[in-house]
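Down below is the structure, laid out as structure tokens.
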Amino acid sequence: MKYLLTSLLPAIMLIACKSDIKSGPNAELYTEVMAIHDEVMPKMTDIHQIKKEIKKQYNDSTSENYAASVEMLGALTAADEGMMSWMADFKIPEQASPEDQKEYLQQQKIAITQVRNDMLSAIEEAKAMTQ
Amino acid sequence: MIYRLITLACLALLATSCKDASDKVLPKLGRTTTNAAGEEVPHKVRSWTFYNQDSVEVTSASLSGQPYLADFFFTSCPSICPKVTKQMLRIYDHYDGRIKLVSFSIDPKRDTPAKLQRYANNLEVESSKWLFLTGDKDFTLDLADDYFVAAFEDPDAPGGFDHSGKIILVDGDGHVRSFAEGTDPDDVTDLFADIDLLLKDYEGK
């Protein structure tokens, strides 16, 4: 019995030491990442609405601005897809050490910040085009 | 004499204050329009067709005549959706098929019927009681306008997918009758009362 407990002890300690990212040492960093996500997630609606507006305004393929409108639609779609891809790929390494989780979150913070910038700049450019 | 009058007044007050709660009628939410005949037409969700988790085509017409609950989500949503799904599951368990749940995916690229089926299986829910639907993304986001616009106080505010996780109660004719913040368990508990009220109109038919 004593040997059984001794052999199981490392496993028990490993399970007990599993880091909960939302309440552990990286909780603040996790919150920062999600805050950026939460800030731009609603912009999906803006992208959708402005794409409709561009299609409505630039529906004549013979007009001189048509090519620019197609390019703009592409940029908006890419920005939207950037957010969807980021979310699909965002997987917290639950079994990793706090140090590895920190590194992961730091990388994700950089990535989601780029997504945010892409979305906001695409929306801003598109709004200028529709005014 | 005065005491008799006071007693009568109190009894009258008691009688009026004990009005049956079931007299409450859920309003039809959203902007009302006027048709050519001058009649007021309440807001209604447009017709739709999607594929469900069993790869079966589902239309809004198939839900005609029965109330349902709707939300908009996607399986890879990292923040709000899991909370809302948890509340939808709570509704699912409580009503056990008495009211259908319908979840529209706004990420059809990744949320294929097969992916939705795995998602539903993980939740251990039956497709006859909870539909997970996928279709054209632009159409889905436009459709969200029909569901969510009724939940905004300002009728001129842009609707659409606001990512707040609202759960919308729809009647058998496609009218939005109530909603709850799906991230707020207490708000969902309040929604139960509206669901019960609406179900009374349909059960026994």
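The values are calculated or read from the model by the stated rules, or taken from the named source; none is laboratory data. Just so it is clear, the model here is predicted, and its values are computed rather than measured. Ideal geometry is used to build each Cβ from the backbone, glycine not excepted, and the neighbour counts take in all protein chains shown. The area values use the complete protein model at the heavy-atom level, side chains included, leaving out ligands, DNA and RNA. Shrake-Rupley method; radii C 1.70, N 1.55, O 1.52, S 1.80 Å.
Per-structure values
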| quantity | calculated |
| --- | --- |
| Crossing angle, helix A:66-89 versus chain A [Cα axis fit, 0-90 degrees, rounded to tens] | 10 degrees |
| Amide H contacts under 5 Å for B:Val58, placed H, 5+ residues apart | B:Phe50, B:Tyr51, B:Asn52 |
| Angle between chain A longest axis and helix A:2-16 axis [Cα atoms, degrees, rounded to 10] | 20 degrees |
| Local electrostatic count at B:Asp54 - Lys and Arg +1, Asp and Glu -1, tallied over other residues with Cβ under 13 Å | +1 |
| Within-14-Å neighbourhood charge of B:Glu124 [Cβ basis; K, R +1; D, E -1] | +1 |
| Set B:Lys115/B:Lys137; A:Lys52/A:Lys127; B:Lys86/B:Lys129; A:Lys55/A:Lys127; A:Lys43/B:Lys86; A:Lys51/B:Lys137 screened for pairs whose C-alpha atoms are more than 18 Å apart | A:Lys43/B:Lys86 |
| Buried area at the A-B interface (accessible, heavy atoms, 1.4 Å probe, summed, Å²) | 1500 Å² |
| Longest to shortest principal axis, alpha-carbon extents of the range A:16-131, angstrom | 66, 18, 16 |
| Cut-off 13 Å between beta-carbons: net charge of the residues surrounding B:Lys115, Lys and Arg +1, Asp and Glu -1 | 0 |
| Overall dimensions of the range B:31-120 as given by Cα atoms, namely Rg and Dmax in Å | 15.8, 49 |
| Cα Rg, Dmax (largest Cα-Cα span) when computed across the range B:30-185, Å | 15.1, 50 |
